[in-house]
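Below is one structure, written out as structure tokens; the observations come after it.
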Amino acid sequence: MPAPTVREKLAILADAAKYDASCASSGADRRDSLKSGGIGSTEATGICHAYAPDGRCISLLKILLTNFCIYDCAYCINRSSSNVKRARFTIDDVVTLTLDFYRRNYIEGLFLSSGVIRSPDETMAEMVEVGRRLRLDHAFAGYIHLKTIPEASQELIEQAGLYADRLSINVELPTDEGVQRLAPEKRPQTIRRSMAGLREKLDAAAEPTLRTKQRPRFAPGGQSTQMIVGADPTPDATILKTSARLYGSYRLRRVYYSAFSPIPDSSAALPSMKPPLMREHRLYQADWMMRFYGFEEREILAGRPDGMLDLAIDPKLAWALDHRAIFPVDVNRAPRELLLRVPGLGTKAVKRILASRIHRRLRLEDVGRVCQSIAAVRPFIVAEGWSPGGTIDSERLREAVAPRARQLELF
Amino acid sequence: MGMVEKRPLSAHHAILLASQTDFSGWREAARAMALNGVDPADIAWSVEGEDTGDLFAAPPESTPLPAIPPGAELRVPRRFVDLAEAVICHSDPARFGFLYRILCRLQREPHLLDVATDPDVRKLEEMDKSVRRDIHKMRAFVRFRRIADETGERFVAWFEPAHFIVERNAPFFMRRFTGMRWTILTPHATADWDGERLAIGPGASKADAPAEDAAEELWRTYFRSIFNPTRLKVKAMTAEMPKKYWRNLPEASLIPDLIAGAEKSARDMIERMPTMPAPHHETVQAKHWRNRPAETQSDGADATSIAELRKAATDCRRCPLWRNATQTVFGEGPEDARVVFVGEQPGDQEDIAGKPFVGPAGRLFDAIIDEAGIDRATTYVTNAVKHFKFEPRGKRRIHSRPNAGEVQACRWWIERELKLIRPDLVVALGATAAQSLLGKAVPITKMRGQTVTREDGLKVFLTVHPSYLLRLPDDAKAAERERFLDDLKRVRTLMDDTL
């Protein structure tokens, strides 16, 4: 059998990586190549260089070093029992591909993950070597995200943080029981301890050392994680609780939710269905509420006895409909925290309202100019010359503000 | 974006700018006009070489700028200058007059830019956003093609921006592709970097750019493979990658087929029955997992050393606290320690490190026992409850007190630690530790400084938890620290007495 070409390997190892939701390239420190004369730069926000027809941003070259794997996680296309085609990049394959793509402005950098072959340390060492060659041999200053192998040694993780902008460890599923059932060889304890280990190093890097005031470099883009949604019957309430715990415990930049997607040659242990995309979307909205709108995880689902987010309307609107007594909110007086709870007002709109109202009394049309849709906001606010009257208590408010039922699914 | 305002037919002042992005020309003219109170409607702005759409019109000419009255000054917020520099790159021909109008309004309303709800300010912000978006899309969608000749390799791209952004955006490409020689061709202008110098030249045409690059086939392979057909969301794609950009993107030609085939590939995946495990699976299982040492779940009852006990506690499920915590934080210290200190529970830092007494309260504790003359190396420190109990609050965790059931469940471990160590004295730090050691709630503030002897003969000295000191206001802290130090000095005396 002839050795596979780079193109053949790329087809297999990009396909194998596509179930990882993150492709983000933000959060790195600002740097450029003017001094080094090499290539690569990172600025405040990452850039999406393309979009696939699944609507997902393509910012990084997201590939696996190899899809051979000794683990047998039911939800994973690369599990050892899968009949998927296998391939393995050399370290230089990955370095060359990254540089070739970067020079043509196709990507912001590399997101490298890997199946575990032989031992976790051996696999992790190869990933670290990719980072080292890019940074030191090729003066590459683009973005590097390395997926950390939880069982790998602390020294290797330390080195990974030296070259990578972001490190991540997937918690895989929202509960330990789920991991035990679907990924029997994985140990949730080890995953937690690895995330804790990353946090320790991130904290240490955030504090200037006593001697030099220089910060030791360790993954300036922080750590992130991903959990699969819909592979087991865990309700949204438990998922959000897990997220709140992860954000609080390990200083995560992001928790990614990945709607369980059917995979070729799937396991009998899993539902065979379309990925629950709307559910995934609602979870991201709820996550946003926790991170940017000041909601506690338990508030978000307080009105839902089944512990599931309403698929028909967004969770902030659902919360408002369940807490009508606090509305309408006066845009000319209400504090920031309260304005952030108004459905349809985002953080930017609230910022603009707060800045503008120092200088003039805001009318409904003023608010309309700073928000997406005044129709959605109107029932929940009072403005100069505007009061929603009794609509807030109306039985039909939900129908009035909820988007009309539409085709949510694929086919 | 439509025209902001029509060019006045009979303006008193005509300003001819040197180029579409001539900010300094605009600034100089606008200053002179504003300081003379010229009405925005009385100025006609045009650009050198610009197509006015009227073949027979004479090329525009500038009228002389009025003299600036002596001592007159024009003040604007810094933010306006930033916005104007960006908006000058907008393709709307009326932008010069519009910016001048805002400049005039700012003289009467200095806080105008803070009024985000004002229609002119909205419009200004929208135009700025449109320019920034175009800049961002250029950074995203420029696709270089490599050419090699006798002088080495060069990377050339053809791009069609919506606004006049090439000059403004070129430094980004210079910072990023410093080690390459590159040229970006656009209809309005060309940016060129030879490795040392950035040059802006006249516009070009698509034919001036290379027609292909061998790497594009690899890139298309990647684009095809990274797409998940079960998640088709065409609108989400086109919202961020509008079709107008497709003609210069090598990967875009794949999109129609990917969309057309998505439904079938998704259905195939869903309907395909799970197959037999791959042939190598058995080998992998046998080699890596079958002979993994069985995780004997000892409950610690028969542990003969602290190390064995610690290992048994790793997977403790005696109460639900393990669910949210990172790990069991077991006691630490020599097995023949003569004194054992028992705290309440691990905190945030202890949970992360997996070691007791390493957080702020632990550091304070270390300092005070040192002052009391107790050698830390001869002591064993542990907690009444071995998992961290907390409530997440954004990026932090707020300590919550363990309840009686959790304390009771964890006595399993503390009692075994004490049995193995057989210390002369145990120090209960705080109410939770006292409750655990004595099996009942104890009023700690009343009984602190006392030694209680348990039925089994073990002496338990009662005092407060060091974290109590951390929560006190500064004026009360010094006195309480002294009291705690006195308690620990008594502990040292008790240790000496039991010799």
Subject >> Within the protein assembly as shown, helix-based [θ] at 222 nm, where runs of 4 or more DSSP H residues each add -39,500 (n - 2.57), nearest 500 >> reply: -11500 deg cm²/dmol
Original post:
Using a 1.4 Å probe on the protein chains only, how many percent of the accessible area of chain A belongs to carbon and sulfur?
Top reply: 53
**OP:** Would you give the gap between the C-alpha center of segment B:287-335 and the C-alpha center of segment A:40-71, rounded to a whole Å?
**Re:** 39
Original post:
Got a sec? Which residues of segment A:258-292 lose 30 Å² or more of accessible surface with every protein chain in place, vs. that chain alone, 1.4 Å probe?
Top reply: A:Pro262, A:Pro264, A:Asp265, A:Ser266, A:Ser272, A:Leu277
Original post:
Counting only the heavy atoms of the protein chains, how much of B:Ser253 is accessible to a 1.4 Å probe, in Å² to the nearest 10?
Top reply: 80
Subject >> Order of exposure, largest accessible area first, which applies to B:His387, A:His138 with probe 1.4 Å >> reply: A:His138, B:His387
Original post:
Between exposed trypsin sites (Lys or Arg not before Pro) in chain A, where DSSP calls loop and at most 16 other Cβ atoms lie within 10 Å, what's the longest gap?
Top reply: A:218-332
**OP:** Loop only per DSSP, at most 13 neighbouring Cβ atoms within 10 Å: give me the trypsin sites (Lys or Arg not before Pro) in segment B:433-467, ordered by residue number.
**Re:** B:Lys440, B:Arg454
**OP:** Obtain the nm distance between the two label points defined at B:Asp120 and A:Thr391 by a simple spin-label model: each point lies 7 Å from its Cα along the Cα-to-C-beta direction.
**Re:** 3.1
Subject >> Rounded to 5, percent antiparallel among DSSP beta bridges of the protein assembly as shown >> reply: 35
Original post:
Going by alpha carbons, how many degrees (0 to 90, nearest 10) lie between the helix axis of A:236-250 and the longest principal axis of chain A?
Top reply: 60
Original post:
By how many degrees, between 0 and 90 and to the nearest 10, does the Cα long axis of helix A:347-356 differ from the longest principal axis of chain A?
Top reply: 50
Subject >> Contour minus Cα-Cα distance for B:Glu371 and B:Ile200 (0.36 nm per residue) >> reply: 54.5 nm
**OP:** Please list the non-local residues whose amide H lies under 5 Å from the amide H of A:Val329, H modeled 1.01 Å from N, same-chain partners needing a gap of 5 or more.
**Re:** A:Ile381, A:Val382
**OP:** Counting other Cβ atoms within 10 Å, keep those with at most 12, restrict to DSSP loop, and tell me which GluC sites (Glu not before Pro) in segment B:128-219 are left.
**Re:** B:Glu150, B:Glu196, B:Glu212
Original post:
Where does the Debye-calculated log10 I(q)/I(0) of chain B sit at q = 0.07 Å⁻¹, using only Cα point scatterers of equal weight, no solvent?
Top reply: -0.76
Original post:
Zone of B:Ala286 (label point 7 Å along Cα→Cβ, backbone N under 20 Å): which residues in segment A:70-111?
Top reply: A:70-72, A:80-83
Subject >> Excluding exposed DSSP-loop GluC sites (Glu not before Pro) (at most 13 other C-beta within 10 Å), longest clean stretch of chain A >> reply: A:1-394
Original post:
Can you pull the percent of segment B:413-499's accessible area that's carbon plus sulfur, 1.4 Å probe, other chains left in place?
Top reply: 50
Original post:
Which value in nm describes the separation of the simple spin-label points at A:Glu177 and A:Ser36, placed 7 Å from the Cα toward the beta carbon?
Top reply: 4.8
Subject >> Heavy-atom surface of segment A:258-381, accessible at 1.4 Å and reported per residue (Å²) >> reply: 43
**OP:** Quote the charge dipole size of segment B:138-251 about the Cα centre in Debye, to the nearest 20; the model charges only the Cβ of Lys and Arg (+1) and of Asp and Glu (-1).
**Re:** 760
Original post:
Solvent-accessible area per residue for segment B:94-209 at a 1.4 Å probe radius, Å²?
Top reply: 39
Original post:
Chains B and A: buried accessible surface, both sides, probe 1.4 Å, rounded to 100 Å²?
Top reply: 8500
Original post:
Computed on alpha carbon atoms, what radius of gyration and Dmax characterise the protein assembly as shown, expressed in Å?
Top reply: 32.9, 114
**OP:** Provide the solvent-accessible area of B:Asp496, counting protein heavy atoms only and rolling a 1.4 Å probe, rounded to the nearest 10 Å².
**Re:** 90
Subject >> Whole-number percent relative contact order across segment B:338-459, with pairs defined as alpha carbons under 8 Å at least 6 apart >> reply: 31
Subject >> Antiparallel DSSP beta bridges within chain B, as percent of all bridges there, nearest 5 >> reply: 50
**OP:** With the convex hull built on the Cα atoms of segment A:103-246, state its orientation-averaged projected area in nm².
**Re:** 10.6
Subject >> Under Karplus coefficients 6.51, -1.76 and 1.60, residue-wise ³J(HN,Hα) of segment A:82-87 in Hz, glycine/proline x >> reply: 6, 8, 5, 5, 10, 7
Original post:
When the accessible area of segment B:223-280 is computed with all protein chains present and a 1.4 Å probe, what percentage of it is carbon and sulfur?
Top reply: 60
Subject >> Amide H partners (placed H, <5 Å) of A:Phe111, local residues excluded >> reply: A:Leu61, A:Lys62, A:Ile63, A:His145
Original post:
What GluC sites (Glu not before Pro) in segment B:407-499 are in a loop by DSSP, with at most 10 other Cβ atoms within 10 Å of the Cβ?
Top reply: B:Glu455
Original post:
So which lysines pass the test for B:Lys446, namely a Cα distance under 30 Å, with those fewer than 8 places away in the same chain ruled out?
Top reply: B:Lys386, B:Lys389, B:Lys419, B:Lys459, B:Lys477, B:Lys489
Subject >> Cα-Cα over 26 Å, subset of A:Lys316/A:Lys348; A:Lys316/B:Lys395; A:Lys351/B:Lys235; A:Lys62/A:Lys186; A:Lys147/A:Lys186 >> reply: A:Lys351/B:Lys235
Original post:
Hey, rough spin-label estimate for A:Ser373 and A:Glu8, points 7 angstrom out along Cα→Cβ, what's it come to in nanometres?
Top reply: 5.1
Subject >> Folded to 0 to 90 degrees: helix A:188-206 orientation relative to chain A principal axis, Cα >> reply: 80
**OP:** At 1.4 Å probe size, with no ligands or nucleic acids counted, give the accessible surface of B:Thr445 in Å², nearest ten.
**Re:** 110
**OP:** Could you size up the charge dipole of the protein assembly as shown around its Cα centre, putting +1 on the beta carbon of Lys and Arg and -1 on that of Asp and Glu, and report it in debye to the nearest 20?
**Re:** 1260
**OP:** Search the structure for amide H atoms under 5 Å from the amide H of B:Ile374, placed 1.01 Å from N in the peptide plane, and list their residues when 5 or more places away or on another chain.
**Re:** none
Subject >> Cβ-placed point charges (K, R +1; D, E -1), dipole of segment B:364-499 about Cα centre in debye, nearest 20 >> reply: 680
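The values are calculated or read from the model by the stated rules, or taken from the named source; none is laboratory data. Remember, it's a predicted structure, so these values are computed and weren't measured experimentally. So basically every Cβ, Gly included, is an ideal-geometry build from the backbone, and we count neighbours across all protein chains shown. Note: accessible area is taken over every heavy atom of the protein model, side chains too, but ligands, DNA and RNA are not part of it. Shrake-Rupley method; radii C 1.70, N 1.55, O 1.52, S 1.80 Å.
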